[in-house]
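One structure is given here, and the rest of the page talks about it.
Bear in mind that the values in this text are calculations on the coordinates, not laboratory data. Remember, it's a predicted structure, so these values are computed and weren't measured experimentally. So basically every Cβ, Gly included, is an ideal-geometry build from the backbone, and we count neighbours across all protein chains shown.
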């Protein structure tokens with residue numbers, strides 16, 4: 001049974017979420033504060049964390065930073081007020097995989113959780129027949145979900161790996177942000193593509209020698225992003 005940790009100080013809301021997710025077949029635990037959430041994760045690492053930003057004792061952004069540092073593969077969905085765009089941006093930058101804005105429908109939330117669990121399941125399936133992608137300084141092993149950069153393995157989150165693999169398997173093909181959201185996140189988003197930008201920035205910081213002048217993950221101005229298999233930098237792809 002998949003395990004979900006809800007970190008929410010609104011007792012009525014957390015009770016509603018717990019009931020709906022339990023009805024969907026998940027094991028659910030509740031935390032009302034940041035410190036309590038950290039303790040519960042160390043006791044038993046969940047499959048998905050639903051993390052509110054506004055929490056007593058320690059805000060959700062700091063909780064996210066700490067969880068990401070200690071559990072790189074933990075799938076974190078942040079919940080934010082609809083008007084707090086900056087919180088969403090910062091949440092993605094500190095390591096959240098996804099976000100959902102309040103007020104949200106329970107059906108939407110369950111759909112996000114299901115999509116997250118599909119991604120989590122992929123991280124646990126080792127397939128020996130998946131061909132390794134070798135780009136010289138960058139090697140991607142889809143079966144073992146390993147990435148090696150200049151001889152050193154780098155730790156990617158679930159979505160960072162899936163995003164890199166999708167781009168690499170479609171090398172030199174440009175993708176819009178909306179295409180990447182549909183192909184990688186597997187959820188329809190409306191009007192907010194900073195999710196992709198934040199994950200691209202984090203990927204570049206981990207695999208590029210010069211993240212500001214990326215060799216592999218290039219910006220296609222006015223379109224989105226593409227993967228350059230040779231990994232040579234060029235002036236027309238220099239990041240602003």
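How much FRET efficiency would the formula 1/(1 + (r/R0)^6) give for residue 33 and residue 230, where r is the Cβ-Cβ distance and R0 is 41 Å, rounded to 0.05?
0.25
Run lengths n ≥ 4 of DSSP H only: what is the helix-derived mean residue ellipticity at 222 nm for the chain, with -39500 (n - 2.57) per run over all residues, to the nearest 500?
Computed ellipticity for the chain at 222 nm equals -11500 deg cm²/dmol.
Multiply the residue separation of residue 223 and residue 43 by 0.36 nm, subtract the distance between their alpha-carbon atoms, and state the gained length in nm to one decimal.
Full-extension gain reported as 60.4 nm.
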Self-check item: Simple label model, 7 Å out from Cα along Cβ direction - residue 108 to residue 13, nm
Solution: 1.3 nm
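Rounded to the nearest 0.05, what FRET efficiency is calculated for residue 22 and residue 150 with R0 set to 51 Å and r the Cβ-Cβ distance? Present the calculation step by step, with values, prior to reporting the outcome.
Values: r = 46 Å, r/R0 = 0.90.
The computed FRET efficiency comes out at 0.65.
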Quiz item: Per the Kirkwood formula on distinct C-alpha pairs, the Rh of the stretch 2-72 is how many angstrom?
Solution: 12.0 Å
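If packing is taken as the average count of other Cβ atoms within 10 Å, what order do 54-64, 89-99, 216-226, 11-21 fall into, highest mean first? Intermediate results must be reported in sequence, preceding the final value.
Numbers: 54-64: 19.0, 89-99: 22.0, 216-226: 17.0, 11-21: 15.2.
Descending packing order for the listed peptides: 89-99, 54-64, 216-226, 11-21.
I'd like the antiparallel share, as a percent to the nearest 5, of DSSP beta bridges with both residues in the chain.
Working: 15 of 34 bridges.
Close to 45 percent.
How would the stretch 133-237 be classified by its alpha-carbon gyration tensor: rounded, prolate or oblate, with rounded meaning a/c under 1.5 and the a/b versus b/c comparison settling the rest?
On the way: a/c = 1.76, a/b = 1.24, b/c = 1.42.
Oblate, because a/c is 1.5 or more while a/b does not exceed b/c.
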Quiz item: So what is log10(I(q)/I(0)) for the stretch 3-123 at q = 0.13, 0.23 1/Å, when the Debye sum runs over its Cα atoms only?
Solution: -0.43, -1.59
